[in-house]
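Undergrad: First the structure, which I've put down as structure tokens, then a few questions once you've had a look.
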Amino acid sequence: MSWLWVVGGGTYGAYLLVTALGLGWRGLGPGPSRGERAAASAPLRRWMTEVGLADVTVGELGGVTALVAVVGGVVGGAAFGGVLPPLGVGAFAALLPVAAYRRRREARRATAEEQWPAMIEELRVLTGSAGRSIPQALFEVGRRAPVLLRGAFDAAHREWLLTTDLGRSLDVLTSRLASPTADSLCELLLVAHELGDADLDRRLAEFAEDRRQDAHARKDARARQAGVRFARRFVVLVPAGMALAGMSLGRGRAAYASAAGQVLVCTGIALVAACWAWSGTMLRVPQAERVFR
């Protein structure tokens, strides 16, 4: 059982290394120090809000990362033995929560971009022929928004009911949605609300058409990448299957436990992680930058 202590200590060390390089945390604790927490809280909280984790604390995120790293290290130790492979597997596993959250953010953005044209068209109808005021039309559209977006509209509506300040309410909405489309739409609505804009109907119609074309182009690009994304999974599945097959043949497990085997296993894990990250950057659809924050 002594190897479990070695694996646990090694994977926790890998977790400390990953959080130091990726989040800028220092020290031996599972989270940042008091001074670092104040310095790193703003960008980290903004990123967590963008991926839909506004209600999750930094400590909870760090705890999940540490737990996944330890589980990965234990699995690596049970499969390959030694010290180096558990460290490599633990470090690789520690990146999985961040990768999962990033994928959640991309799915959230894709869903939002597909729904925005219809929402803008409904907003145009309500502020035009239906005669609604801009705040009333906006929050009415928000009540029928997709589930992923509805929480942001609810928070902005609460702010409006408390303050009747549309600017502050739109700040809440844009910070929660973290979308370039939402930023531009809210700025347009704020200007029209404060200064008046008799041409708001035409501007909303043009904006909806622009967002519709952009969403169609992005959807088409993702559809063209479907086969490549499916093949990308073999970057992980094929090496893992070959490693398991090698352990079941002859003295395969003993070979993994040797010094050369340990180095080769760690090299293989590093290469798989590098190929996975590189292929992900090649498949990434460019995202519009946020102008109004």
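The values are calculated or read from the model by the stated rules, or taken from the named source; none is laboratory data. Fair warning: this is a prediction, and the values are worked out from it, not measured in the lab. Note that we place each Cβ from the backbone using ideal geometry, even for glycine, and neighbour counts take in every protein chain shown.
Undergrad: Quick check on W160: is it part of a helix (DSSP H, G or I), in contact with a helix residue (DSSP H, G or I) (Cβ under 7 Å, 6 or more places away or on another chain), buried (at least 21 other Cβ atoms within 10 Å of the Cβ) and on the phi < 0 side of the Ramachandran plot?
TA: no
Undergrad: Only residues that are modelled with pLDDT of 75 or more and more than 16 Å from the chain's Cα centre (by Cα): list them for the range 277-293, please.
TA: The answer is W278, S279, M282.
Undergrad: Then there's this: Taking the condition surrounded by 16 or more Cβ atoms within 10 Å (Cβ to Cβ), assigned by TED's automatic domain parsing to the domain that holds D199 and modelled with pLDDT of 90 or more, does A112 pass?
TA: In short, no.
Undergrad: For the range 135-143, indicate whether the set of residues that are of a type outside the set (K, R), in contact with a Lys or Arg (Cβ under 8 Å, 6 or more places away or on another chain) and in the same structural domain as S184 (by TED's automatic domain parsing) is non-empty.
TA: Yes, because at least one residue in the range 135-143 is of a type outside the set (K, R), in contact with a Lys or Arg (Cβ under 8 Å, 6 or more places away or on another chain) and in the same structural domain as S184 (by TED's automatic domain parsing).
Undergrad: Filter the range 144-162 down to the residues that are modelled with pLDDT of 90 or more and not aliphatic (A, V, I, L, M) and list them by number.
TA: Initially, the range 144-162 is screened for residues modelled with pLDDT of 90 or more, giving 153-162.
Matches in the range 144-162: F153, D154, H157, R158, E159, W160.
Undergrad: Shifting gears a bit: Have a look at V236, V291, V263 and point out the one that is closer than 30 Å to G128 by Cβ, in contact (Cβ under 8 Å) with a residue 40 or more places away in the chain and not assigned by TED's automatic domain parsing to the domain that holds E121.
TA: Going through V236, V291, V263 in turn, just one is closer than 30 Å to G128 by Cβ, in contact (Cβ under 8 Å) with a residue 40 or more places away in the chain and not assigned by TED's automatic domain parsing to the domain that holds E121: V291.
Undergrad: OK, next. Which is at pLDDT 80 or above and touching a helix residue (DSSP H, G or I) at 6+ places or on another chain (Cβ under 6 Å), of A221, A217, A255, A192?
TA: A192
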